[in-house]
Number of protein chains: 2
Amino acid sequence: MQISKRVSEMIASPLRKFIPYAEIAKKKGIKVYHLNIGQPDLPTPKKILSAVKNFKEKVVPYTHSAGIIELRQAWADYFATVKIHLKPAEILITTGGSEAMLYSLLLMLNPGEEMMVFEPFYSNYKSLAKITGVQLVPVTVKVEENFSLPKNSEIEKKISPKTRAILIVNPNNPTGTVYPKKDLQRIALLAKKHGLWVLADETYREIVFENARPASLINFKTIEKQVILIDSVSKRLSFCGGRIGCLASKNPEVIANCLKLNQSRLASPTIEQKAVIQLLSDPTKYTDGLKREYHKRSEIVYSGLQKIPGAVCRKPQGAFYIIARLPIDDSEKFVRWMLERFSYRQETVMVAPAKDFYATPGKGTDEVRIAYVLNTTELKKAMMILRLGILEYQKQMPKQMKADLCKSFSAVK
Amino acid sequence: MQISKRVSEMIASPLRKFIPYAEIAKKKGIKVYHLNIGQPDLPTPKKILSAVKNFKEKVVPYTHSAGIIELRQAWADYFATVKIHLKPAEILITTGGSEAMLYSLLLMLNPGEEMMVFEPFYSNYKSLAKITGVQLVPVTVKVEENFSLPKNSEIEKKISPKTRAILIVNPNNPTGTVYPKKDLQRIALLAKKHGLWVLADETYREIVFENARPASLINFKTIEKQVILIDSVSKRLSFCGGRIGCLASKNPEVIANCLKLNQSRLASPTIEQKAVIQLLSDPTKYTDGLKREYHKRSEIVYSGLQKIPGAVCRKPQGAFYIIARLPIDDSEKFVRWMLERFSYRQETVMVAPAKDFYATPGKGTDEVRIAYVLNTTELKKAMMILRLGILEYQKQMPKQMKADLCKSFSAVK
């Protein structure tokens with residue numbers, strides 16, 4: 001029996017494929033600091049947990065496929081607090097942000113059509129592209145250039161007759177970049193000029209540092225009917241396991257068509273939809289603390305990386321990720337080595353190799369993504385262990401390779 | 001901006017598209033008995049609701065993409081009670097049965113390939129086929145023939161070089177049929193002979209009457225690696241809003257590849273996964289009562305239909321649906337008319353037009369699906385009102401049409 005081409009060509013989650021090595025390490029009694037996956041350690045707000053416990057109905061029924069109307073209203077209220085003006089009818093509840101991503105790809109593109117992405121990018125988009133038959137066309141952004149978006153003339157070189165959409169994740173996973181408004185303005189011009197859909201994945205909107213306020217692409221009037229906005233409470237309210245997200249659009253065609261997709265899976269989980277209503281509409285009390293905490297952590301990771309000779313990274317502006325180039329030959333080998341061979345006082349660190357955050361083969365080989373989802377004490381330790389691990393790892397790298405690496409890194413710095 | 005062809009070609013849910021008319025009726029003060037949708041009215045088991053309330057963790061994290069291992073074990077334990085022997089590693093938790101259906105289509109077929117379905121069939125498969133680019137090839141089964149599967153030689157006429165899979169929903173939604181073992185044996189032979197995947201949607205397994213025990217296709221040794229089994233607790237445990245289902249297979253390739261699909265949406269809801277573990281592994285105390293209740297209801301609906309001159313239907317053997325041919329010209333018109341024009345003592349009934357349960361254009365025009373999801377008292381009233389409605393509706397049908405209908409129905413009986 002033959003598995004379909006589309007699924008067999010999918011790659012296993014890069015964030016999860018090294019987990020078996022971590023499990024082996026743990027069996028040997030080694031503590032593993034997990035910096036590999038975006039699972040926040042911060043407690044889910046009590047308001048949500050008590051709403052779950054207070055679920056009063058006798059039957060847990062399907063909700064409306066579009067989501068509970070009170071939740072759609074609450075989301076509209078929340079959006080208004082960040083100056084995004086959407087009606088409840090312009091918002092559909094999805095089962096996590098992931099479902100909103102899948103539906104966006106299905107809505108915007110036919111199989112074989114192209115979506116532009118800035119690499120490195122959130123690797124699940126690769127899987128979703130395989131599922132939907134969409135071609136991803138990568139435009140590389142570089143750590144040395146602060147992961148800034150290239151000039152429009154550069155981006156335009158990648159536009160073909162098959163290009164239908166462009167993806168902007170802001171604040172960015174995995175780079176931690178918050179795009180300045182003028183860059184988004186350029187994207188809007190480009191989208192208008194070429195008639196492209198804009199997929200605005202803004203799930204990390206609330207996690208920004210030093211008063212950064214990410215602009216929303218849906219607020220650019222000239223393209224407002226072209227934008228599909230994705231949001232989620234997973235990270236912002238530390239409620240990943242709740243699976244509550246949304247897809248929003250000012251284009252009634254998008255909503256009417258997306259509703260058919262929503263109907264095909266009947267409904268999102270009822271209890272969680274109800275549970276987030278109250279907090280969602282005015283989350284600042286919770287998110288202010290969240291922001292401060294992640295900011296502190298970002299500084300620990302950033303300064304930890306600065307202490308590693310040859311490491312290259314940029315100060316994160318938002319989300320809870322950083323991409324770092326490390327003085328190593330191959331980050332997949334390194335991640336495995338850290339789990340199989342290295343420990344410091346019975347402790348080691350797991351980060352995510354960055355290769356799979358790129359669509360261009362060969363890119364990102366010496367880069368890793370760090371998710372700072374540990375408390376500051378543990379994070380400090382983890383960064384120290386990472387540094388010691390790299391120094392130890394380098395000792396067993398072939399001599400010539402080390403010399404080459406040193407050269408290339410000093411050229412960068 | 002152009003919405004993709006695949007999504008624009010999807011039809012809006014036939015089960016939901018007449019809801020606006022029901023809402024207008026309600027605004028006029030008319031009570032609507034909903035027999036149109038499979039949302040059980042039976043209370044969710046207290047064991048599940050208290051497990052929800054007892055959720056103790058401080059963070060609601062992503063679970064493993066494959067599902068919580070204890071839940072996979074519980075599902076294996078449940079399967080063993082119905083003589084299906086599967087290891088936890090052969091079971092992946094999905095966000096409702098719907099997600100398992102979507103993943104099955106993605107796994108088994110490439111775009112443009114064909115899956116055979118016996119029509120009338122659960123209409124969501126149409127949407128899922130559009131999403132995945134799969135062609136559905138319908139083989140019609142008829143109420144006059146007790147919705148029995150045609151001879152293999154008849155079925156084989158529809159097999160083309162592009163055929164990859166065959167769908168068997170057992171117990172059947174929407175017909176209420178439970179297939180005899182010898183018919184499933186025939187399907188197994190056919191699948192073996194032509195190397196077809198078999199999608200065995202057995203979500204209604206526990207809802208069967210008069211000691212019917214539906215055989216599972218996964219128990220036919222000769223095709224066990226070809227079968228993908230879909231299950232769900234939505235109907236069996238009246239937990240539709242929990243969104244917990246599973247996909248099972250004895251083919252390790254299916255599981256390994258499906259896991260990549262699971263990873264693309266990270267995880268199913270955490271709280272509900274935990275909440276169903278305890279009851280799932282031994283649900284008979286709950287399901288025995290459920291079975292009795294639906295059996296009673298099936299008899300009310302069946303005898304109610306018998307009292308309608310010209311109505312044709314078969315006694316349901318399982319699930320909680322019945323397909324009935326009614327002495328009317330067009331069931332879509334009729335459903336709308338019942339909501340807009342008819343009421344008896346300020347009450348009316350909503351059923352689902354059957355047209356959209358067929359893939360062949362023109363089929364099912366005079367048929368409806370009734371979901372018996374009301375208590376016996378209400379159901380008796382609803383069936384009486386349906387009968388009165390039909391009699392009244394017939395009065396405004398053109399004379400010739402009525403004469404033709406009478407002729408065709410007396411030929412059937």
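The values are calculated or read from the model by the stated rules, or taken from the named source; none is laboratory data. Because the structure is predicted, anything quoted here is derived from the model rather than measured. Counting neighbours? That spans all protein chains shown, and the Cβs are built from the backbone with ideal geometry, glycine included.
Things to note:
- For B:GLY97, the stated conditions do not hold, so it cannot be described as buried (at least 16 other Cβ atoms within 10 Å of the Cβ), assigned by TED's automatic domain parsing to the domain that holds B:LEU199, farther than 27 Å from B:ALA275 by Cβ and under 23 Å from the mean Cα position of the chain (by Cα).
- Helices (runs of 4 or more DSSP H) (entirely within region A:265-376) containing at least 2 residues that are within 30 Å of B:PRO14 (Cβ to Cβ): A:270-280
- Between B:PRO14, B:PRO20, B:PRO88, B:PRO45, the distinction of being under 18 Å from A:ASN262 (Cα atoms), more than 8 Å from chain A (Cβ to nearest Cβ) and in contact (Cβ under 8 Å) with a residue 12 or more places away in the chain belongs to B:PRO14 only.
- When region B:267-289 is limited to residues that are small (Gly, Ala, Ser) and buried (at least 18 other Cβ atoms within 10 Å of the Cβ), the one that is modelled with the lowest pLDDT turns out to be B:SER281.
- Just one residue in the set B:ALA80, B:ALA74 is surrounded by 15 or more Cβ atoms within 10 Å (Cβ to Cβ) and either of a type outside the set (S, T, N, Q) or within 14 Å of another protein chain (Cβ to nearest Cβ) (or both); that residue is B:ALA74.
- Any chance B:THR63 is more than 30 Å from B:ALA382 (Cα to Cα), facing chain A (nearest Cβ under 8 Å), buried (at least 18 other Cβ atoms within 10 Å of the Cβ) and touching a Lys or Arg at 6+ places or on another chain (Cβ under 9 Å): yes
- Residues located in region A:165-187, provided they are surrounded by fewer than 20 Cβ atoms within 10 Å (Cβ to Cβ) and not in a loop (DSSP other than H, G, I, E, B): A:LYS181, A:LYS182, A:ASP183, A:GLN185, A:ARG186
- Each residue in region B:229-269 was checked for being in contact (Cβ under 8 Å) with a residue 60 or more places away in the chain, among the β-branched types (Val, Ile, Thr) and within 30 Å of A:VAL59 (Cα to Cα), and 2 of them qualify.
- Residue selection: B:ILE230 satisfies the criterion of being part of a strand (DSSP E or B) and either more than 10 Å from chain A (Cβ to nearest Cβ) or surrounded by fewer than 22 Cβ atoms within 10 Å (Cβ to Cβ) (or both).
- Residue in region A:127-142 that is in a helix (DSSP H, G or I) and without any contact (Cβ under 8 Å) to a residue 24 or more places away in the chain present: no
- For B:PRO361, the requirement of being without any contact (Cβ under 8 Å) to a residue 24 or more places away in the chain and either surrounded by fewer than 22 Cβ atoms within 10 Å (Cβ to Cβ) or not assigned by TED's automatic domain parsing to the domain that holds B:ALA129 (or both) is met.
- From the list B:ARG292, B:ARG236, B:ARG314, the one residue that fits, being crowded, with 21+ Cβ neighbours inside 10 Å and of a type outside the set (S, T, N, Q), is B:ARG236.
- Residue within region B:200-207 that is surrounded by fewer than 21 Cβ atoms within 10 Å (Cβ to Cβ), at pLDDT 95 or above and within 21 Å of B:GLY364 (Cβ to Cβ) present: no
- Taking the criterion of being more than 14 Å from chain B (Cβ to nearest Cβ), over 21 Å from the mean Cα position of the chain (by Cα) and of a type in the set (D, E, K, R), the residues of region A:268-325 that qualify are A:ASP282, A:LYS285, A:LYS307.
- Condition met for B:LYS31 (free of Cβ contacts under 8 Å to residues at least 60 places away in the same chain, on the phi < 0 side of the Ramachandran plot and basic (Lys, Arg)): no
- Flag if B:ILE159 is at negative phi, of a type in the set (A, V, I, L, M) and not in a loop (DSSP other than H, G, I, E, B): no
- For A:GLU224, the criteria (1) crowded, with 24+ Cβ neighbours inside 10 Å; (2) more than 10 Å from chain B (Cβ to nearest Cβ); (3) out of contact with any strand residue (DSSP E or B) (no Cβ under 7 Å at 6 or more places or on another chain) hold in every case but one, which is (1).
- Residue within region A:243-257 that is part of a helix (DSSP H, G or I), at the interface with chain B (Cβ under 10 Å from one of its Cβ atoms), farther than 21 Å from A:PRO180 by Cα and in contact with a Phe, Trp or Tyr (Cβ under 6 Å, 6 or more places away or on another chain) present: no
- Residues satisfying the stated conditions in region A:338-382, i.e. within 18 Å of the chain's Cα centre (by Cα) and of a type outside the set (A, V, I, L, M): A:PRO353, A:LYS355, A:ASP356, A:PHE357, A:TYR358, A:GLY364, A:GLU367, A:ARG369, A:TYR372
- Looking across A:LYS83, A:LYS87, A:LYS17, A:LYS56, one residue alone is modelled with pLDDT under 95, outside the structural domain of A:MET383 (by TED's automatic domain parsing) and farther than 12 Å from A:GLN273 by Cα. It is A:LYS56.
- Top-ranked residue in region B:107-129 [being touching a Pro at 6+ places or on another chain (Cβ under 7 Å) and more than 8 Å from every other protein chain (Cβ to nearest Cβ); ranked as surrounded by the most Cβ atoms within 10 Å (Cβ to Cβ)]: B:PRO120
- Scanning region B:370-409 for residues that are at pLDDT below 80 and either crowded, with 16+ Cβ neighbours inside 10 Å or in contact with a Gly (Cβ under 8 Å, 6 or more places away or on another chain) (or both) returns B:LYS402, B:LEU405, B:CYS406, B:PHE409.
- Positions within region A:23-42 being facing chain B (nearest Cβ under 10 Å) and β-branched (Val, Ile, Thr), in sequence order: A:ILE37
- The residues on offer are A:PRO40, A:PRO61, A:PRO88, and the sole one that is closer than 18 Å to B:VAL59 by Cβ and not aliphatic (A, V, I, L, M) is A:PRO40.
- B:PRO214 vs. criteria crowded, with 21+ Cβ neighbours inside 10 Å and either in contact with a helix residue (DSSP H, G or I) (Cβ under 9 Å, 6 or more places away or on another chain) or more than 7 Å from chain A (Cβ to nearest Cβ) (or both): yes
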